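Everything on this sheet refers to the single structure shown next.
The values are calculated or read from the model by the stated rules, or taken from the named source; none is laboratory data. Being a predicted model, the structure only gives us computed values, none of them experimental. Note that we place each Cβ from the backbone using ideal geometry, even for glycine, and neighbour counts take in every protein chain shown.
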Amino acid sequence: MGLLFASMLLVTVWAGLGNPRPAHADRVKDLVNVLGVRSNQLIGYGLVVGLEGSGDSFFRSNFTQQSLANFLKKLGILLDERTVRNLRLRNSAAVMAVAGLPAFVRQGSRVDVIVSSLGDARSLQGGTLLMTPLKGADGKVYAVAQGPISVGGFEPGKASARAERNHMTTGRISGGALVEHEVVIDLQKKESLTLLLINPDFTTSSRIAQAINAGLGGDFASPVDASAVQLRIPEDFRGNVVDLVSAIEALDVEESSRARVVMDERTGTVVMGENLQLKPVAVAHGELHITIAEEGQEPLPLSPQETIILPSNMEGESSRKERVLMLPQGPTLGEIVKALNTIGVEPRDLIAILQALRAAGALNAQIDFM
């Protein structure tokens, strides 16, 4: 009976995927994560050898010297103190190796490793990472990294004539870490699952619970808060949680999110949703003046210059001297940006204008800074 019910549900879900999806619908798979199913961060300290004179220097990175002496000692090569002090390290470098241990990864699997110089090495190009244990937050070794480093750049020339492309002190070892210990995640014995929303939202949380209940044909899911949905595993799926999660992930839900504007003042980057609405307002920024008025209402003059009245489609031209815009009531933010681009407003000015609109209450959107 359990397998029959699971098969019927899977058939129903896949049949629904054949129909046109609702506008802006997203899969539950793209909206949530299962609590406890996550990756773990690993880190380790190691040595890179085989560099062509671009490694750590003796005077600025003496810890590399000590590390190399300790490594040789483990291999049965004993060096006296004087020999250690005279070691020259230009062909080696101390590095930090980091990797992510994905969920459900098994012993013997391989994961990528990022290697970054810790000293004053000029380049890791051509180097090989020696055996480096990678530890988790609990101090246990979960993987061991080793292998040649791929930098993805080049450094032609010598001394003052040297040129460099891309970052030469950070590289990647594809599949360079061998997993030694697993992080056990047992879902089959669970009686309930917690689905964590990637972008917490009360409306989306409620919609996900409703979609799951409709798909399962019962009251199994309930929203806990804006960031979580509690799912009680049906009896028919006990011991078969994989099929349950697979069926739920294929359900369509229309995500509801707050209006947001993301800004990066360092680069002048502005990312926004086109459906943001603006209230009637007047803005003056330098030589630029913007008036958003209701239909049929003539704005108060903000400057002796000519007012440009742009229709909703924002088609029009303006000369360099004309720095005044009049927009109809309720224009979208996309129309505002298009109009500002018409008169040559730069991104940094746009950032200042959007901040002022938000502070004045004319732009009901969340502004995030990178």
> In the stretch 16-30, which residues are at pLDDT 90 or above and among the charged types (D, E, K, R)?
Replying inline: Arg27, Lys29, Asp30
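Residue-wise test of (1) in contact with a Gly (Cβ under 9 Å, 6 or more places away or on another chain); (2) closer than 30 Å to Gly139 by Cα; (3) modelled with pLDDT of 90 or more; (4) loosely packed, with under 14 Cβ neighbours inside 10 Å.
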{"position": "Trp14", "(1), (2), (3), (4)": "no, no, no, yes"}
{"position": "Val32", "(1), (2), (3), (4)": "no, yes, yes, no"}
{"position": "Asn40", "(1), (2), (3), (4)": "yes, yes, yes, no"}
{"position": "Asp80", "(1), (2), (3), (4)": "no, no, no, yes"}
{"position": "Ala93", "(1), (2), (3), (4)": "yes, yes, yes, no"}
> Given the conditions (1) assigned to a helix (DSSP H, G or I); (2) modelled with pLDDT of 90 or more, and given that Lys73 satisfies all but one, which numbered condition is not satisfied?
Replying inline: (2)
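With the condition kept exactly as written, say whether any residue in the stretch 190-203 is in a loop (DSSP other than H, G, I, E, B) and under 30 Å from Val141 (Cβ atoms).
Restricting attention to the stretch 190-203, the residues satisfying the condition of being in a loop (DSSP other than H, G, I, E, B) are 190-191, 198-201.
Still in the running and under 30 Å from Val141 (Cβ atoms): 190.
Yes, that holds for at least one residue.
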> Somewhere in the stretch 48-69, is a residue in a loop (DSSP other than H, G, I, E, B) and among the basic types (Lys, Arg)?
Replying inline: yes
>> Within the stretch 241-250, does at least one residue satisfy the condition of being under 30 Å from Leu354 (Cα atoms), hydrophobic (A, V, I, L, M, F, W, C) and outside any loop (DSSP other than H, G, I, E, B)?
In response: no
> Restricted to the stretch 119-151, and to residues that are over 25 Å from the mean Cα position of the chain (by Cα) and closer than 10 Å to Thr170 by Cα, which residue is surrounded by the fewest Cβ atoms within 10 Å (Cβ to Cβ)?
Replying inline: Gln125
>> Which condition from (1) among the acidic types (Asp, Glu); (2) at pLDDT 80 or above; (3) under 17 Å from Leu354 (Cα atoms) is the one that Glu255 breaks?
In response: (3)
